[in-house]
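Quick notes on the structure that follows.
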Amino acid sequence: NAYAFGVPDFHKKPKHATGELDGMFFTKAHLILKNQEGLGLSKEKIEEIKNLKLETEKALVKQDADIKVLDLDLMAKLHAYPVNVEEVNKLVDQKYDLKKAKTKNSVEAIAKLKSALTKDQYDKLESLLKSSETNRQHKSE
């Protein structure tokens, strides 16, 4: 369970990270927190990253819920007879506006995460990412 005793586990990727950019954010945040000593992070930076991760996850939960509600409304409109194409198209536009906003929020979260690190810390992180990818590839062979 990612939330033992109601306390978020900042080292796990949440279930809500379903998109490519969400996954990128949570993977990097996970690696940063996992390797905080090796990256030389201060306690303040660690807290900043944990807070960013929590706020990003909360936003994802809300955005995913809003998209799901729109999907339900969309399906209900499509089951009606006759189908009001204008109303359905408005819901489709709303759904993709929400998805666009969610993607932009993920981009902003990634930018904030990267800016929390110095250039040297970021270079170390990239090196860790490459070595973890290499390890995963060797294990699957």
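For segment 30-141, report the accessible area per residue in Å² (1.4 Å probe, heavy atoms, rounded to an integer).
Dividing the accessible area of segment 30-141 by its residue count gives 69 Å².
Quick check on packing: order 62-74, 83-95 by the mean number of other C-beta atoms within 10 Å, highest mean leading.
Highest-to-lowest ranking by the protection proxy: 62-74, 83-95.
Which FRET efficiency, nearest 0.05, do Lys104 and Thr134 yield, Cβ-Cβ r, R0 25 Å?
Once the sixth-power term is evaluated, E becomes 0.20.
Answer with one residue from Leu39, Leu54, Ile67: the one whose Cα lies farthest towards the positive end of the charge dipole of segment 24-102, charges on Cβ with Lys, Arg +1 and Asp, Glu -1.
Leu39
Which order do peptides 50-57, 25-32 fall in by mean Cβ count within 10 Å, highest first?
Packing order, densest peptide first, comes out as 25-32, 50-57.
Quick check: at a probe of 1.4 Å, how many percent of the accessible area of segment 23-141 sits on carbon and sulfur atoms?
Ligands and nucleic acids excluded, carbon and sulfur give 55 percent.
Mind checking which of Leu98, Ile110, Leu129 is farthest towards the positive end of segment 71-141's charge dipole, using Cβ charges of +1 (Lys, Arg) and -1 (Asp, Glu) about the Cα centre?
With unit charges placed on the Cβ atoms, the residue in question is Leu129.
Order 124-131, 75-82, 111-118 from most to least packed using the mean count of other Cβ atoms within 10 Å.
111-118, 124-131, 75-82
The values are calculated or read from the model by the stated rules, or taken from the named source; none is laboratory data. Computed from a prediction, not measured in an experiment: that's the story for all the values here. Positions of Cβ are backbone-derived with ideal geometry, glycine not excepted, and every protein chain shown enters the neighbour counts. Accessible surface areas use protein heavy atoms only, side chains included; no ligands, DNA or RNA. Shrake-Rupley method; radii C 1.70, N 1.55, O 1.52, S 1.80 Å.
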